[in-house]
C-alpha cells in the first residue's frame, strides 16, 4: 500500500466550492480498482485546511489516478481556490502487516 496525505489550504470564500469539487473527485476515485481508500477531511479549528487521505494498492496506481479525467477536472477546478500550494507526504503501511517489514 502507498498512503498519501495531501495538505491543502484554501481561501475562506472557496471552502464550499472546494468541498464540492473534492466530493465529486472522491466519488469517482473510490471506483478506481487501484484505490483502497480516499478520504476528504477538514480541520476542525481551521475550516480552510483540508487533508486528502489517499490509499493506493501500488505505486503504479498513484500514477494511474493522476491520468483520470476526474482527477484532471478536480486539479483544474481547485487551482485558484488554494491560498498556498498544496503538498503531500507519503507513508508506508505498518499495520496491518506490510511484507516490507
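No lab work stands behind these numbers, since they all come straight from the coordinates. Bear in mind that the values here come from a model prediction, so they are computed numbers and not experimental data.
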- Estimated [θ] at 222 nm from DSSP helical runs (n ≥ 4, -39500 (n - 2.57)) normalised by residues in the chain, nearest 500: -9500 deg cm²/dmol
- Task: Take the alpha carbon gyration tensor of region 2-92, find the square roots of its eigenvalues, order them as a ≥ b ≥ c, and report rounded if a/c is under 1.5; if not, report prolate when a/b exceeds b/c, else oblate.
- Result: prolate
- Item | Rounded tilt (10° steps) of 15-29 against the dominant C-alpha axis of the chain | 30 degrees
- Task: Using only alpha carbon pairs under 8 Å that are at least six residues apart, calculate the relative contact order of the chain and give it in whole percent.
- Result: 44 percent
- Message: Quick check: the angle from helix 69-78's long axis to the longest principal axis of the chain, C-alpha only, nearest 10 degrees?
- Response: 40 degrees
